[in-house]
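Below is one structure, written out as structure tokens; comments come after it.
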Amino acid sequence: MITDEAGKTKLATAFANQAAEHGLVFAGLISAEVKLHMMQDVFFAVSRQMDWEADAQRFVEGMFRRHDYKWPLPGQPIALKEIADANQVDATILRREFNQWLTRDLMNDTGMAQDFRIALTQLCQNRLVPAGREGDTVAPILQWLRGELRVLSPLKSAFIYSKITRHNARAMLRSLCRWLRLAGHTGLFLTIDIRQITRSPAKGIDYAEKLGMEVESSLTQAPAAVRYTPGAVMDAYEVLRQLVDDADLFDGFFLAVVADHAFIGSDVKRSVDAYTALKMRIWDDVRAREDNPLAPMVVVDAGR
């Protein structure tokens with residue numbers, strides 16, 4: 001969507017409302033804060049906006065309800081023995097059944113990447129541990145999903161041996177969309193503000209100030225806005241192109257990209273003209289007098 005600053009503010013509110021209305025988990029990225037030319041950073045930024053443990057709790061409770069078992073403390077982790085006692089069944093038998101459910105409904109779901117399934121299985125198993133007594137792998141798994149884990153050694157016991165990189169990050173994002181549906185959501189509503197991409201490094205500083213990133217003292221200086229070289233611009237557009245091409249592979253995924261008029265401007269190094277592969281996927285061959293709301297790219301007037 002092409003719009004100005006005022007239109008962008010209205011769109012942000014409208015997007016959030018639409019996501020809530022349709023049961024979608026809402027996440028928003030800003031190109032001045034996230035390196036959009038690195039797919040793993042895109043995934044990590046989305047991941048940090050997810051409530052992984054709450055969704056694992058929802059998923060596990062849903063499994064027990066579907067099999068006619070009651071959960072004594074809704075919304076909270078609880079020891080398996082307490083669940084067994086509340087349902088008057090043997091704890092050993094209940095654990096075996098629970099592991100079978102997880103295997104069938106999560107581990108065998110090939111719509112998600114293998115490492116993703118392993119990680120989420122660990123989080124789900126942890127819901128059968130009282131609060132405050134989480135396993136040693138829970139914190140590292142969350143850090144791994146959020147891009148905060150420096151080394152993989154804490155995850156060896158969970159049988160996760162690979163980092164999330166630009167080569168598997170798109171598969172991880174697809175897995176997240178699938179997981180959100182399993183956890184009871186409709187899917188993911190992702191907005192990406194790409195206005196920083198079309199600004200030269202000098203103009204990028206001004207844009208950072210608009211985002212409230214003014215430089216304070218040397219001790220409390222806010223993070224500098226991401227600057228995009230012409231090469232990084234091409235890589236960012238390639239990330240968007242790949243998301244467009246993989247649209248049919250994502251389960252419950254709505255992507256809205258917000259840009260300003262510079263995106264369709266005359267700068268051959270930073271406008272969409274810099275990357276024909278993306279332009280061909282979003283540009284209408286025939287332009288009507290008024291925008292088609294179902295077109296892949298529309299211009300939004302802030303006054304509307």
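The numbers here are math on the coordinates, done by the rules we state, and not lab data. Predicted model, so just to flag it, every value in this text is computed and none were measured. Virtual Cβ from ideal backbone geometry, glycine too; neighbours counted across all protein chains shown.
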| query | Which whole-number percent is the relative contact order of the stretch 14-148 (Cα, under 8 Å, 6+ apart)? | reply | 26
| said: Can you give the FRET efficiency to the nearest 0.05 for SER266 and ARG150, using r as the Cβ-Cβ distance and R₀ = 45 Å? | reply: 0.55
| request: Starting with the fewest neighbours, write out MET280, MET112 ranked by other beta-carbon atoms found within 10 Å of each beta-carbon. | output: MET280, MET112
| Stretchable slack from ALA16 to ALA86, in nm (0.36 nm times residue separation minus alpha-carbon distance) | 21.3 nm
| note | Counted neighbours (other Cβ, 10 Å), sorted fewest up, put ARG150, ARG241 in the order ARG150, ARG241
| note | Neighbours of GLU148 by Cβ distance under 13 Å: Lys/Arg at +1, Asp/Glu at -1, summed charge +3
| query | Rounded to the nearest 500, what is the chain's calculated 222 nm mean residue ellipticity when only DSSP H runs of at least 4 contribute -39500 (n - 2.57) each, over all residues? | reply | -13000 deg cm²/dmol
| note | For the chain the mean separation of alpha carbon contacts under 8 Å (6+ apart) over residue count, i.e. relative contact order in percent, is 29
| note | Exposure-ranked with fewest Cβ neighbours within 10 Å first, THR229, THR198 stand as THR229, THR198
| said: Just to be sure I understand the model, the point goes 7 Å from the Cα along the line to the Cβ. What's the resulting ASP248 to GLN49 distance in nm? | reply: 2.7
| query | For the chain, with only Lys/Arg (+1) and Asp/Glu (-1) charged at the beta-carbon, what is the dipole magnitude about the Cα centre, in debye rounded to 20? | reply | 540
| said: Assuming a strict under-27 Å limit between Cα atoms, what lysine pair count do you get for the chain once near-sequence pairs (fewer than 8 apart, same chain) are dropped? | reply: 19
